[in-house]
Amino acid sequence: MPETVLVTGGTGFIGGWCVVELLKRGYSVRATVRSAAKEKVMRAYLGAGTGSAEGLSVAVADLTSDAGWGVAMAGCKFVLHVASPLGASGESADALVAAAREGTLRVLRAATEAGVKRVVLTSSCAAATPTKTTADSVSDETVWSDPAALASEPYRLSKTLAERAAWDFMARDGSTTELVTILPSAVFGPVLTKEGLGSVQMIQRLVEGRLPLIPRLGLCVVDVRDVADLHVRAMTAPKAAGQRFIASGEFMWMQDVAATLKARLGARAAKVPTRRLPDFVVSLLAPFMPEMRIVKPMLGRAHRFSFAKAQRFLDYAPRPATDTVVDCAESLLAENL
């Protein structure tokens, strides 16, 4: 009988691809959704990604409530906790941080009570970014972001504090459940659904011409399929227990991303801009555009994240960043997103 894996946030960008990867490898997958109405939609797009959604079941559970988590965990050997709030319009920073941290603790409590063997938590490179960087600075898993420096960046702060809370909880709990955390950088790649696009909205806005000028931003690009693969590897590798792993890839300036799209997509990239957006304009847009608010602190920075540990421990091998951004744009165009 196949082992059962619970995936939180199965309707999201990373979570959806984690479900696809698990189903392809023959696991029985139980995905959490916030409402039963999402099940039909999720089965449709996951079936498109795998050829079949057979082996998938759904449990209704919300990160803001204890209800449903015991049922969701029952019989599961592993948990991939991918779900995390992105922050709704008008939501306070305190509410976002609390939802991420308390939601993570809620999942961990339910997992340890159910005797789950291992939880793989999706954190973020936002939790491994030094306050000050240089032109050639590089972070690895030993680096932790300073919460005090993230006061104006609610999403990054929420990811940092949620991961900290997870490690603190596991240190106190004393159960046999193991924890691994995965820290993705800027995640792009093919989309399965329009929900939870996150950083993909950057590519979306470039292709649609909604960003007439290009921000002076550099990103360590990682493919969502490689992130999902790393989650599954970390789930079963014995030596991964108790470890953090950065899931990153090649560094690209947004102007290089735009140039790649122009070169590879031809006429379909006609609306992709070529001129640079002044930094002060990004600052003006940040209060109204979540993706700009997230990347504002990265203006002009060429900071990189080392994925050498994931290579050593888990044979991680990210695909070329240029292929990732093109595949991302191709899927957005194909789905009219």
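With the condition being within 22 Å of Ser283 (Cα to Cα), I'd like the helices (runs of 4 or more DSSP H) fully within the range 170-271 carrying at least 2 qualifying residues.
In the range 170-271, 200-208, 254-265 are the helices (runs of 4 or more DSSP H) which contain 2 or more residues that are within 22 Å of Ser283 (Cα to Cα).
Listed residues Val224, Val232; which is in contact with a Phe, Trp or Tyr (Cβ under 6 Å, 6 or more places away or on another chain) and at pLDDT 95 or above?
Exactly one of Val224, Val232 is in contact with a Phe, Trp or Tyr (Cβ under 6 Å, 6 or more places away or on another chain) and at pLDDT 95 or above, namely Val224.
Would you check which residues across the range 174-188 are surrounded by 17 or more Cβ atoms within 10 Å (Cβ to Cβ) and more than 30 Å from Gln201 (Cα to Cα) and list them?
Thr177, Glu178, Leu179
Looking only at strands (runs of 3 or more DSSP E) that fall completely inside the range 1-68, which ones have 1 or more residues that are more than 26 Å from Cys328 (Cα to Cα) and touching a residue at least 60 places away in the same chain (Cβ under 8 Å)?
Because the criterion is at least 1 residues that are more than 26 Å from Cys328 (Cα to Cα) and touching a residue at least 60 places away in the same chain (Cβ under 8 Å), the strands (runs of 3 or more DSSP E) in the range 1-68 that meet it are 4-8.
Looking only at the range 115-140, filter to residues that are surrounded by fewer than 19 Cβ atoms within 10 Å (Cβ to Cβ) and either β-branched (Val, Ile, Thr) or at pLDDT 95 or above (or both); which one of those is nearest to Glu163 (Cα to Cα)? Before the answer, list the steps.
Step one: list which residues in the range 115-140 are surrounded by fewer than 19 Cβ atoms within 10 Å (Cβ to Cβ), which gives 115, 117, 130-138, 140.
From the residues that got through so far, the ones that are either β-branched (Val, Ile, Thr) or at pLDDT 95 or above (or both) too are 115, 117, 131, 133-134, 138, 140.
On the way: Gly115: 21, Lys117: 19, Thr131: 18, Thr133: 22, Thr134: 25, Val138: 20, Asp140: 15 Å.
Among those that are surrounded by fewer than 19 Cβ atoms within 10 Å (Cβ to Cβ) and either β-branched (Val, Ile, Thr) or at pLDDT 95 or above (or both), it is Asp140.
Name the pairs whose Cβ atoms lie under 6 Å apart, with the first residue in the range 152-176 and under 10 Å from Ala127 (Cβ atoms), the second part of a helix (DSSP H, G or I) and of a type in the set (D, E, K, R), and 6 or more positions between them or separate chains?
So the pair list comes out as Leu161/Arg101; Ala162/Arg101.
Applying the selection to the range 99-137, what residues are outside any helix (DSSP H, G or I) and of a type in the set (Ser, Thr, Tyr)?
If the condition is that a residue be outside any helix (DSSP H, G or I) and of a type in the set (Ser, Thr, Tyr), then Thr122, Ser123, Ser124, Thr129, Thr131, Thr133, Thr134, Ser137 are the ones that fit.
Considering only residues that are closer than 19 Å to His81 by Cα and basic (Lys, Arg), look in the range 141-173 and name the one that is surrounded by the fewest Cβ atoms within 10 Å (Cβ to Cβ).
My answer is Arg164.
Here are some conditions: (1) farther than 19 Å from Gly209 by Cβ; (2) in a helix (DSSP H, G or I). Val281 meets all but one. Which one does it not meet?
(1)
Please list, ordered by first then second residue, the pairs with beta carbon atoms under 6 Å, 6 or more apart or interchain, first in the range 105-116 and farther than 18 Å from Asp62 by Cβ, second modelled with pLDDT under 95 and assigned to a helix (DSSP H, G or I).
Thr112/Asp173
Given the criteria touching a strand residue (DSSP E or B) at 6+ places or on another chain (Cβ under 8 Å) and modelled with pLDDT of 75 or more, does Arg30 qualify?
yes
Kindly evaluate Ala240 against the criterion of being crowded, with 17+ Cβ neighbours inside 10 Å, in contact (Cβ under 8 Å) with a residue 24 or more places away in the chain and among the small types (Gly, Ala, Ser).
Yes: the conditions hold for Ala240.
Within the range 243-253, track down each residue that is out of contact with any Cys (no Cβ under 9 Å at 6 or more places or on another chain) and either surrounded by 22 or more Cβ atoms within 10 Å (Cβ to Cβ) or of a type in the set (Gly, Ala, Ser) (or both). Outline the logic, then answer.
So in the range 243-253, the residues out of contact with any Cys (no Cβ under 9 Å at 6 or more places or on another chain) come out as 243-245, 253.
Once the filter is applied, which keeps residues that are out of contact with any Cys (no Cβ under 9 Å at 6 or more places or on another chain) and either surrounded by 22 or more Cβ atoms within 10 Å (Cβ to Cβ) or of a type in the set (Gly, Ala, Ser) (or both), the range 243-253 yields Arg244, Phe245.
The values are calculated or read from the model by the stated rules, or taken from the named source; none is laboratory data. Here the structure is a predicted model, which is why all the values come from computation and not from measurement. Cβ sites come from the backbone with ideal geometry, for glycine too, and all protein chains shown count toward neighbours.
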